[in-house]
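The values are calculated or read from the model by the stated rules, or taken from the named source; none is laboratory data. Computed from a prediction, not measured in an experiment: that's the story for all the values here. Quick reminder, even Gly has a Cβ in these numbers, built from the backbone with ideal geometry, and neighbours come from all protein chains shown.
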Amino acid sequence: MDIKKLFSVEGKKGFITGGSQGIGECLAGAFSELGAEVAIVARGLDRARDTADKISSKTGKKVIAYKCDAASPDDVAAMTDSFVKDFGRIDFAICNAGICAMDAFLDIEPKTYESVVDVNLNGVFYTAQAAARQMVKQGGGGSIISTASMSAHIINKPQTIAAYCASKAGVVHLMKGMAAELAKYKIRANSVSPGYIQTELIASLKDYLKTWLELMPEGGRLGYPEDLIGTYVFLASEASAWITGADIVIDGGYTIL
C-alpha cells in the first residue's frame with residue numbers, strides 16, 4: 001500500500017464556499033499547497049479574487065474565484081457549471097459558507113432567522129446537491145465535506161445564538177441523510193464541527209474569551225484555522241474511503257466537559 005498516495009489530494013479538483021477568508025481561505029491555501037486545484041467561492045468577488053491570486057502566486061497551482069451566494073440555487077447552478085467548464089470535474093466540495101446572528105431567541109426577527117438558516121443550512125444543501133449531481137454524472141465518486149459546528153452539539157454561552165445552533169445541527173443530520181443516499185455512487189458525505197476558531201468573527205467577541213476558556217479543559221485554548229487542515233484533507237483523500245455520514249468535532253475538548 002502506498003501510504004503517501006492514500007493521504008494525497010494531489011491533482012484533485014474542488015471548490016470551497018466561504019473560501020475568501022477565515023477557515024475557508026486557510027483550507028484553500030492548504031489544499032493548493034498539497035497539489036489540488038481549487039476554486040474560491042464567495043459572495044464578494046473582489047476579495048475572492050485577491051485570495052485566489054495570493055494562493056496561486058504562492059503555490060503555482062490553478063486557483064479560480066467565483067462569485068456565488070450559496071443560498072441562491074441559481075447562483076450555485078451557475079457556479080457549478082463554470083467550475084466544470086474550467087476544471088473538468090469535481091472530486092471534492094467543501095461547503096463552508098456560514099453566518100451568525102447574536103439576537104436573543106425572543107427578539108430575533110424572521111428575516112434575520114431566515115438569513116442564518118438560508119446560508120448555513122440551505123446553502124449547504126444547494127452546494128452539496130450541485131456537487132453530488134456532477135459527481136454522479138461524471139462517475140468515480142467523490143467527497144463532500146460541510147462545516148458544521150460544535151454548536152450542533154451544545155448550546156453556547158454567554159452569547160445567544162439559538163438560530164445558529166439549529167442551523168448547524170441541521171447540517172450534521174443533512175450530511176447523514178446525504179451519506180445514506182449517495183453511498184451507492186461512491187460519494188462520501190461528512191461534516192466537521194469546529195469549536196471556537198480564531199477568525200475575524202471571534203476576534204470581535206473578545207469579551208467572551210475568559211468565559212469560554214473557563215469552560216474548556218484546564219490549559220485549553222481557542223483554535224486556529226490551521227488546526228482544521230488535517231481533518232479536511234483526510235476527508236477529501238482516499239485515506240477516509242470508509243468514512244461517510246460522520247461528524248468530527250474539533251474543539252480542543254470544549255464539549256467534553
With criteria (1) surrounded by fewer than 17 Cβ atoms within 10 Å (Cβ to Cβ); (2) closer than 20 Å to residue 21 by Cα; (3) touching a residue at least 40 places away in the same chain (Cβ under 8 Å), residue 225 comes up short on (1)
Of all helices (runs of 4 or more DSSP H) fully inside the stretch 139-257, the set with 1 or more residues that are touching a strand residue (DSSP E or B) at 6+ places or on another chain (Cβ under 6 Å) is 162-182, 229-236
Tell me yes or no: at least one residue of the stretch 61-73 is in a helix (DSSP H, G or I) and modelled with pLDDT of 95 or more. yes
Reported set for the stretch 27-44 where residues are surrounded by 24 or more Cβ atoms within 10 Å (Cβ to Cβ) and assigned to a loop (DSSP other than H, G, I, E, B) is 36
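Yes or no, residue by residue, for (1) in contact with a Pro (Cβ under 6 Å, 6 or more places away or on another chain); (2) under 28 Å from residue 190 (Cβ atoms); (3) free of Cβ contacts under 8 Å to residues at least 60 places away in the same chain:
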| residue | (1), (2), (3) |
| --- | --- |
| 39 | no, yes, yes |
| 53 | no, no, yes |
| 62 | no, yes, yes |
| 70 | no, yes, yes |
| 73 | no, yes, yes |
| 77 | no, yes, yes |
| 83 | no, yes, no |
| 90 | no, yes, no |
| 110 | no, no, yes |
Flagged in the stretch 85-109 as crowded, with 16+ Cβ neighbours inside 10 Å and either among the polar types (S, T, N, Q) or not in a loop (DSSP other than H, G, I, E, B) (or both), in numbering order, are 87, 92, 93, 94, 95, 96
Among residues of the stretch 51-71 being of a type in the set (Val, Ile, Thr) and touching a strand residue (DSSP E or B) at 6+ places or on another chain (Cβ under 9 Å), the residue surrounded by the fewest Cβ atoms within 10 Å (Cβ to Cβ) is 64
